[in-house]
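Below is one structure, written out as structure tokens, with a few remarks after it.
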Amino acid sequence: MRGETAMQLIATGNKAIAEAVRQVNPEVVAAYPITPQTEIVEQIAAYVSDGTLASQYIPVESEHSAMAACIGASVTGARTFTATSSHGLLYMHEMLHWAAGARVPVVMANVNRALGPGWNVWAEHSDAFSQRDTGWLQVFVSTVQEAYDTTIMAFRIAEHEDVLLPLMVNLDGFTLSHTMQPLETVVVGDFIPPLHLPHAIDVAHPRGYGPLTGPDEFFRFRWDIERSMRDARKVILDVEADFGKRFGRQYGPIEEYRCEDADILLIAMGTFGKEAEVAVDDLRREGIKAGSLRVRWFRPFPVLDLSGRDVVVIDRGYSFGFGGVLTRSIQATTKAEPFSVIAGLGGQEVTYRDMAGFVRNRRPGEEEWFGVNTIV
Amino acid sequence: MTEIPKEEYILKCTSACAGCSSTLSLRYVLKAAGPDMVLVVPACCTSVIQGTYPRTAMNIPVYNIAFAAAAACASGMSAAYRKKGVKTRVIVYAGDGGTVDIGLQALSGAFERGTDFLYICYDNEAYGNTGMQRSGSTPLGAITTTTPGGKVHPKKDIDRIIEAHNPPYIATACSAYPLDLFQKVTKALSLEGPKFIHLLAPCPPGWRFPAEKTVEVGKLAVKTGSWILWEREHGTLQVSGPSRAAMKKRVPLDEYLKMQGRFRNITEQQKQELQRNIDRALARIACEVKQPCS
Ligand SMILES: Cc1ncc(C[n+]2csc(CCOP(=O)(O)OP(=O)(O)O)c2C)c(N)n1
Ligand code: SF4
Ligand SMILES: [Mg+2]
């Protein structure tokens, strides 16, 4: 049976996630299709139909219901998974807060896509950014392999007793969801222990879940979410270290490329963060000491040390009337004065050559909308 | 004789209003279901009457969920219990707003997918939790805080919408007939798949009648034919005892309307329309019972 030996495959980001889900074997999957996520739910439905995955698959009638069903299943102590994108993620919004407040470790893949109008199915991070404050852990991946590895780790992190929060694995629409890359699978084995949800419904010990709650208790529950978010930092490090030890691939809150001696850091998330490495190689050939810092974990947001270096941030999502979301997050948590480039909205093509240009033409403290108000 | 279990799953001192018939009914629902169950409750009066954390007035697990999401949440629970091979019953107890309005999509989806659960809509014919605004289930002519002159649209026929999903079991009930309700819940829970019970639950503050009249108002709803008690098991319709009697001899509709302050603005024309709707509904039922469709 597949999953009992490690395999070398060629897969899309979507297929890699479906394969990871198959191996982790959640008890319940509830999902609703949306471009560019469809391949994930179709593949999972196919696994369930051909018996290679024994999950209960609930083909819900909406994303609000997908998340509600995952919450309902999860509170019985079942492992759950769903996947969505863009408008689907926004349609879940109410239930995303509910999942975090209910402390259910639902794992979800979100294929990052722009939001209408006009209709646009291509990559953008605004969908995930708009759910930033819901209490979900959020990670952004950049390769097919990373999508697979991170989805497996996601279950262990979310279900850890010090976390017990839902977790969103973000991957760029099309540029990663539909791109074929080599994939090496692992044998999950006891890397993912059985889920133990301490507050699972127990009919022998009846309790009320989520009733009216006064300000004092409510406030404590909210603090408890934040405390777990903070504790998640260590859990993430531990799980990633164990993954590296067992399977040989190492991940962290950020991924650094040629950063040790860099004077200038190019900071991005998702596939842009990988493309930036090529830009760095080009810049280095010109004698510009650039490095790439890819922000992998967005919630909890990593602790960055950017001191003494110029910073160029590429943002694939914007907070209107405020600024690039990643840029502003970095400004809030470091002393950096970044050159903020807004690029790639609605799937806009941005190459490593463009990125090298952002570094060469950087104007610290300023903001540029690439291709719109570019000063060349 | 039906034996009603002595166990109480709603403890004394809920925060329901005096004369709250939906809470009285829930007591019988839980007695019929027994302790191996989870009650799923969306935002509604029932999310209030169970008490404030960390206390609970319920002696069974109650899962509170967002207003629109009860049926979907129950779908997930039901799937998880199926996967675990556990027989725990999943019962939704939702208001009319959470059923015929905001929760309709999730409800329809859960029924279409054949979810194994029981969905009970207790119908107080308005949004009670938020102070009695109109719902799709508010009857023609009734005053609510958002229909201060009386509602100009008729009540949505949720039963026919649910019937269109061909569930194994659908029934109506009324809080004034607890034994009938108890038997229907018991019957529903003996069947696999999605079951629906639509329960009329007179609401003293919302309908504007004295709390001690809550049973009388419920009985008049049935005796005037405004509310018809029936059940449909695998498609076969059966009229329940109290409504069989009402079909033979009806109390005039006015007796029901004049007990309730919410109908004080109702026009003659609206009364006639209500009466026509009653006649039509009873005729349809009588016809089907006489000549069951194959
Ligand atoms: C999405 C959303 N919109 C509005 C509300 C406010 N709200 C809470 S309960 C309720 C009305 C409930 O009416 P019904 O379902 O008939 O139950 P009842 O209160 O009458 O028991 C409303 C409007 C909410 N909680 N969530
Ligand atoms: S408003 Fe009506 S339904 Fe709500 S608790 Fe009071 S009596 Fe019961
Ligand atoms: Mg109501």
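Suppose we keep just the DSSP beta bridges with both residues in the protein assembly as shown; what percent of those would be antiparallel, to 5?
25
Compute the Cα gyration tensor for the stretch A:255-369, then decide on rounded, prolate or oblate, letting a ≥ b ≥ c be the square roots of its eigenvalues: rounded whenever a/c is under 1.5, prolate when a/b is larger than b/c in the other cases, and oblate in all that remain.
It is rounded, given that a/c, with a ≥ b ≥ c, falls under 1.5.
Give me a comma-separated list of calculated 3J(HN,Hα) values for the stretch B:158-168, in order, Karplus coefficients 6.51, -1.76, 1.60 applied at θ = phi - 60°, integers in Hz, x for any Gly or Pro.
With coefficients 6.51, -1.76 and 1.60, one gets 5, 4, 5, 5, 5, 4, 5, 8, 6, x, x Hz.
In nm, what is the difference between 0.36 nm times the number of residues separating residue A:288 and residue A:161 and their Cα-Cα distance?
Computed gain between residue A:288 and residue A:161 is 41.2 nm.
How many angstrom separate the Cα center of the stretch A:164-196 from the Cα center of the stretch B:167-233?
After rounding, the separation between the Cα centres reads 49 Å.
Straight-line reach from residue B:249: which lysines have a Cα under 17 Å away, not including same-chain ones fewer than 8 places off?
Of all the lysines, those that pass the test against residue B:249 - Cα under 17 Å, at least 8 places apart if same chain - are B:219, B:223.
Can you return the lysines within cross-link range of residue B:12? Criterion is Cα-Cα under 24 Å, with same-chain partners fewer than 8 residues away left out.
Hits, sequence-local ones excluded: B:31, B:213.
Taking beta carbons within 10 Å but only from partner chains, what does the mean come to for residues B:101-113?
3
What residue among B:110, B:57, B:69 shows peak mean-square fluctuation when chain B is described by a Gaussian network model with Cα springs under 10 Å?
B:57
Which value at 222 nm does chain B reach when only helices count, each DSSP H run of 4 or more adding -39,500 (n - 2.57), with the total divided by all residues and rounded to the nearest 500 deg cm²/dmol?
My calculation for chain B gives -11000 deg cm²/dmol from helical runs alone.
Using a 7 Å offset from Cα along Cα-Cβ at residue A:119, what residues in the stretch A:17-59 end up with backbone N under 12 Å from the label point?
The answer is A:35.
When only Cα pairs under 8 Å and 6 or more residues apart are kept, what is the percent relative contact order across chain B?
Over chain B, the number comes to 17 percent.
Report the rotationally averaged projected area of the protein assembly as shown based on its alpha-carbon convex hull, in square nanometres.
32.8
For the residue pair residue A:90 and residue A:202, what label-to-label distance in nm results when each label sits 7 Å from Cα along the Cα-to-beta-carbon direction?
Label at residue A:90, label at residue A:202, 4.3 nm between them.
Between residue B:286 and residue A:190, what is the label-to-label distance in nm when each label sits 7 Å out along the Cα-to-Cβ direction?
About 7.4 nm separates the two model spin labels.
Tell me the relative contact order for chain A as a rounded percent, counting alpha carbon contacts under 8 Å between residues six or more apart.
Normalised by residue count, the contact order of chain A is 16 percent.
Of the options A:271, A:196, A:307, report the single residue whose Cα projects farthest towards the positive end of the charge dipole of chain A (beta-carbon charges: Lys, Arg +1; Asp, Glu -1).
The residue sitting farthest along the positive end of the dipole is A:307.
What distance in nm lies between label points placed 7 Å from Cα along the C-beta direction at residue A:361 and residue B:250?
The two pseudo-label positions are separated by 7.9 nm.
Amide H to amide H, which residues 5 or more places from residue B:176 or on other chains are under 5 Å from it, using H placed in the peptide plane?
It is none; the list stays empty.
Quick one: which residues, 5 or more positions from residue A:315 or on another chain, have an amide H under 5 Å from its amide H? H modelled 1.01 Å from N in the peptide plane, none for Pro or chain starts.
A:341, A:342, A:343
Name the residue, out of A:359, A:303, A:235, whose mean-square fluctuation peaks in a Gaussian network model built on chain A with Cα pairs under 10 Å.
A:303
Could you sort B:248, B:31 by accessible area so the largest value comes first, with the probe set to 1.4 Å?
Ranking B:248, B:31 by accessible area, largest first, yields B:248, B:31.
Say we join alpha carbon atoms closer than 10 Å with springs in a Gaussian network model of chain B; which of B:80, B:106, B:94 then has the biggest fluctuation?
Of B:80, B:106, B:94, the most mobile in the Gaussian network model is B:80.
For the stretch A:89-217, what relative contact order do you get, as a whole percent, if you take Cα pairs closer than 8 Å and at least 6 residues apart?
29
Given chain A, what count of lysine pairs have C-alpha atoms under 25 Å apart, with each pair 8 or more places apart or on different chains?
9
Out of the GluC sites (Glu not before Pro) in the stretch A:240-275, which ones are loop residues according to DSSP with at most 16 other C-beta atoms within 10 Å?
A:260
For residue B:150, enumerate residues with amide H under 5 Å from its amide H, sequence gap 5+ or separate chain, H modeled in the peptide plane.
B:144
Heavy atoms only, probe 1.4 angstrom, no DNA, RNA or ligands counted: give me A:360, B:264 ranked by accessible area, highest first.
Final ranking, largest accessible area leading: B:264, A:360.
To the nearest 500 deg cm²/dmol, what mean residue ellipticity at 222 nm is calculated for chain A from DSSP H runs of n ≥ 4 alone, each contributing -39,500 (n - 2.57), summed and divided by the residues?
Value at 222 nm, helices only: -11500 deg cm²/dmol.
If Lys and Arg each add +1 and Asp and Glu each add -1, what is the summed charge of the other residues whose beta carbon sits under 10 Å from the beta carbon of residue B:8?
Charge balance in the 10 Å sphere: +3.
The values are calculated or read from the model by the stated rules, or taken from the named source; none is laboratory data. What you are looking at is a predicted structure, and each value in this text was computed from that prediction instead of being measured. Please note: Cβ atoms are built from the backbone with ideal geometry, for glycine as well, and neighbour counts cover all protein chains shown. Keep in mind that these areas ignore ligands, DNA and RNA; they rest on the heavy atoms of the full protein, side chains included. Shrake-Rupley method; radii C 1.70, N 1.55, O 1.52, S 1.80 Å.
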